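Input: a single structure, listed below in structure tokens.
Read-outs throughout are calculated quantities, based only on the coordinates presented, and are distinct from any laboratory measurement. Note that the coordinates shown come from a computational prediction; the quantities given were computed from them, not determined experimentally. Here the Cβ is made from the backbone with ideal geometry for all residues, glycine too, and neighbour counts use every protein chain on show.
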Amino acid sequence: MNLNKMAAYFLPAFAMLAITGLTMFQAFGTEKENLSIFTLALIIVFPISFIIQGVSCAIHQYRILPAVGISLIAFIIVFFVIVTGDNMMYGVYYFALFFAGYAITYMLRRAKK
């Protein structure tokens, strides 16, 4: 597996697990600062990583199922095991962004040909 494929499959999973782990162990300072960084990641970093994953899968014509599956497993680990919250709407939002990025890139590539 080349580096591009690994990045396309594991980018959101790595982002979610790394930021959650760092904020959980208070690597950024006080509890309030860590909560602010985690909230920023929920709103900006995680969605952008899902869009990038969708675009990358469409550009390189990678299979969608492994990418979404790996990201779904990381989402379950972060939100249901570590955070222990009922945040299913974030998952729907993130995967909608993944498919939007994939679909837009796919349509642009088809229109170009």
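Considering the dipole of region 28-113 built from charges on the beta carbon (Lys and Arg +1, Asp and Glu -1) around the Cα centre, which of Phe38, Gly69, Met107 is farthest to its positive end?
Met107
Would you look at the GNM of the chain, springs on alpha carbons closer than 10 Å, and say which of Gly29, Gly69, Gly54 moves the most?
Gly29
For Cα Rg over 2.2 N^0.38 Å, the listed values are [x] 1.19; [y] 1.13; [z] 1.00; which was obtained by calculation from the structure presented?
The calculated read-out lines up with [y].
Calculate one ³J(HN,Hα) per residue across region 64-80 by plugging θ = phi - 60° into the Karplus curve 6.51 cos²θ - 1.76 cosθ + 1.60, and present them in order as whole Hz with x for glycine and proline.
7, 4, x, 5, 5, x, 5, 5, 5, 4, 5, 4, 5, 4, 5, 8, 9
Can you list the HN-Hα couplings for region 45-62, worked out from phi with the Karplus curve (6.51, -1.76, 1.60; θ = phi - 60°), rounded to whole Hz and with x for Gly and Pro?
These are the phi-based 3J(HN,Hα) values: 5, 5, x, 5, 5, 5, 5, 4, 5, x, 5, 5, 5, 6, 5, 8, 6, 7 Hz.
Explain nothing, just compute: Karplus ³J(HN,Hα) = 6.51 cos²θ - 1.76 cosθ + 1.60, θ = phi - 60°, for every residue of region 2-8 in order, whole Hz, x for Gly and Pro.
7, 5, 4, 5, 5, 5, 5
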